[in-house]
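A short reminder: the numbers here are calculations on the coordinates, not readings from a lab. Just so it is clear, the model here is predicted, and its values are computed rather than measured. We place every Cβ from the backbone using ideal geometry, glycine too, and count neighbours over all the protein chains shown.
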Amino acid sequence: MGAAELAALRDKFAIVGLGTTPQGSFPEKTGNELAVDAFKLALADAGITKDEVDGIITCPSFGHQGLDSQIVPLLGLNPSYSANLDYGTCNFSLHLAAMAINAGFANTVAIMYGTNQKSSGNRFNQAPAEDPAITAPYGLFNIAGTASMALRRHMHEYGTTEEQMAAIAVTFRQHASLNPLAVFKKTITKEEYLESRYIVKPLHVYDMCVITDGGSCMIVTSADRARSMAKPPVYLMGMAEQFAPRETQNDQFLMRPFIQKVAEKIYPAAGITNADIDALYIQDPTSVWPLQMLEWYGFCGIGEGGSFIQDGRIGLGGELPLNTNGGQLSESYMWGWLHIPEAVRQLRGEAGPRQVPNAEIAQYCSTGGWTRAASTILRR
């Protein structure tokens, strides 16, 4: 689908309900139960009953939890439409919900994710590549290894330094200190970052996301139906995706240049430029992802990310507030399922001490490792 076709969908769908559970460790609950808890919170936020939801999209977690065939019976529903989207990361699931509504499969869709990956002891020790034979022999059994190579490449090509990278972790922790949902609320200094241990050099411990339990749910419906909901609707201005299944066969695959193709589609689809973004959200299992995506989405030049993030530019009060919730580095991991809820709260004016003044347009950018990318632009 090209930019013109995507532009035809502008403002036709809206997020009308949010539900986010506490984050941390909850060994007494399964991931499916946490997803149901989030669903109940989202219903209350939207001011509707579960019988008004006729579409469900789930996202599987580790341990074969999170399938629609598992969660939907717990909801007590027989929806018209149900789907299970692997690695939905909120962005992809939101787009699927919009497409289902546009196709007439459902009128009001709940997208949700729940996980108990922390309390169940998941170590995330699988080779990240689609073909493990390429990475496993070299000890790359976790995203940290390949991400460290990506950062090292950026340092080699553009002179990026660890001192510059500290700005991401320090800023996100500052944002998290203002977020009651965040797991890590203690702020850190640049010196503490630089003195912290390495996970895989040059990535420090503060450059890697935390493993957490929790649940998240959003309710999506048509713009017409959204007007009768309890909360002010937040509209989908634009959405775009790109797939790169050749992964390690692609040139410069560590730098993930295919992300730029999403940028080429998302802004024309929304009818704006990146200069119109008031708050930006980037999926951040590692700090390298924000560095790369700031460049690929054109917020700064290629290779300029290290200098761009300095001097408070990405903090609250800066010209481009980034991950005001603390992101996956400090709020909670959740496969990126908390970034869009934070964006919606910002556009509703519900973010409290981390509120971006007069926020009207927000963007979320996410990826699935080295094979897929998506972005959503929202407006109040």
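A compact table of results
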quantity: Interatomic Cα distance distribution for the chain, bins of 10 angstrom, percent; calculated: 5, 25, 36, 26, 7, 0
quantity: Inverse mean reciprocal Cα-Cα distance (Kirkwood Rh) of segment 267-380, Å; calculated: 14.1 Å
quantity: Residue among ILE56, ILE71, ILE272 with the largest mean-square fluctuation in a Gaussian network model of the chain, springs linking Cα atoms under 10 Å; calculated: ILE272
quantity: Segment 138-199: mean projected area of Cα convex hull, nm²; calculated: 5.3 nm²
quantity: Nearest 10 degrees, 0 to 90: helix 162-176 Cα axis against the chain principal axis; calculated: 30 degrees
quantity: Peptides ranked, highest mean first, by Cβ atoms within 10 Å: ranges 296-304, 370-378; calculated: 370-378, 296-304
quantity: In degrees, nearest ten, helix 143-158 long axis to first principal axis of the chain (Cα); calculated: 60 degrees
quantity: Sites ALA44 and GLU350, calculated FRET efficiency, Cβ-Cβ separation with R0 22 Å, nearest 0.05; calculated: 0.95
quantity: Contact order normalised by residue count of segment 38-107, Cα under 8 Å, 6+ apart, percent; calculated: 34 percent
quantity: The chain - mean residue ellipticity at 222 nm from DSSP helices (-39,500 (n - 2.57) per run, n ≥ 4, rounded to 500); calculated: -9500 deg cm²/dmol
quantity: Cα shape, segment 204-247, gyration tensor, a/c 1.5 rule; calculated: oblate
quantity: Cα long-axis angle, helix 91-103 against the chain (0 to 90 degrees, to the nearest 10); calculated: 30 degrees
quantity: For the chain, with +1 on Lys and Arg beta carbons and -1 on Asp and Glu, the positive-most of PRO290, TYR193, TYR235 along the dipole; calculated: TYR235
